Amino acid sequence: MPVAVSLVRICLQRRETIHPAAENVAKRHLGTPRRETTDVVGKELLLFRCQTGREAESVIAMDLPFVLFIPFGRGGEETNRRIPPASLQLPSRTAETFYELVVTVQQGHSVQNKYAFPMPLQRYDTLSTFGMYNKPETRTNTSDSVVTLGISVPKWSYGPLDPITVYIKLVPNPDWMKKAMKVTIQKITVSIDEEITYNPEGDEPQKKVNKIAKHVQSVAAKLPEAGYATNLGLVFPSKDLRDPDGIAADTAAPEDPFKVFFHVWRPSKHPVFSKSDPPPPDLRIAVVDARDTFVPELEQLEALFDS
């Protein structure tokens, strides 16, 4: 059946929601309405328009190819020209960013319908395997001008399950050598912190820091005159993959990937059992995947062996 269509537009839309009390665990479940902002990423495309002078075209089916360009601008420019952030959903949906393709269909002067299709967006410009990140990064910090801490990492981008090696060196200040010799190194801690900044509209930004990995090395020694150097390593953690409903997928392999079920068949439908001369049993064994939770029925195993 033909449908009257005046014009068709399409755009990539970003919707960001944040809970006003996201930084407060005690208030997180009070049911406060989330604040939501909606922006168009890039530009909206006009895919179809009816001929001038006509209210609409009678359409049975249309194939409208399109190409949407993702902005590549940097910070400081207009919102719709910046590189969009990746899709995100924090635990308990305290904050989330998601994208959808929105198709607008105009039918005549008064009827306008919009259809939204979820579109997950992932960014690959920060992959730790890119060569541009294989450059060492060094930082120094001085405390009371007595001891200088130097930190160096072989590259400056890491992803899930990437090994991280941190080179650490403590050097005494030669101008304060006597004072530096009294310094005791108790332990050295290297940690990976996840910093989340909640920036609800109209409120002050709130920062929340979660420690996701830590490595502690005990030293308990005086700072030598030549300084103290060590390497500490840890693995960047990997979070569980979750489906759109927030349910973590069970990807862990069981200790034993197989399990055995067995049934004993009677030698005949109406056997005559004798205590002195019992008939031999018909023992059949089936090996199944350990991740299966069902228990095979006797008929299922019999059909399996017959096949």
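Laid out as a table, the results:
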quantity	calculated
At 0.692 mPa s and 37 °C, Stokes diffusion of the range 50-190 via Kirkwood alpha-carbon radius, µm² per second	149 µm²/s
Length added when fully stretched, R15-L234, from 0.36 nm per residue minus Cα-Cα	75.3 nm
Estimated FRET transfer efficiency when R0 is 45 angstrom, pair V209-F69 (beta carbons, to 0.05)	0.80
Where labels lie 7 Å past Cα in the beta-carbon direction, separation of W156 and T37 in nm	2.7 nm
Efficiency of FRET from Cβ geometry, I196 and T165, R₀ 35 Å, rounded to 0.05	0.85
Across K214/K239; K182/K211; K43/K114, pairs whose alpha-carbon gap is larger than 21 Å	K182/K211
Convex hull per residue volume in Å³, alpha carbons only, for the range 124-184	101 Å³
Charge-dipole axis of the range 131-223 as Lys and Arg at +1 and Asp and Glu at -1 on Cβ define it, positive-most pick from I164, G150, A221	A221
Translational diffusion of the range 137-236, µm² s⁻¹ [Kirkwood Rh, Cα pairs; Stokes-Einstein; 10 °C; 1.306 mPa s]	101 µm²/s
Sorted largest first, extent of the range 180-238 alpha carbons per principal axis (Å)	54, 29, 15
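Values quoted throughout were computed directly from the atomic coordinates according to the rules given, and no laboratory measurement underlies them. These figures come from a predicted structure and were not determined experimentally. In this analysis, Cβ positions are derived from the backbone assuming ideal geometry, glycine residues included, and neighbour counts consider all displayed protein chains.
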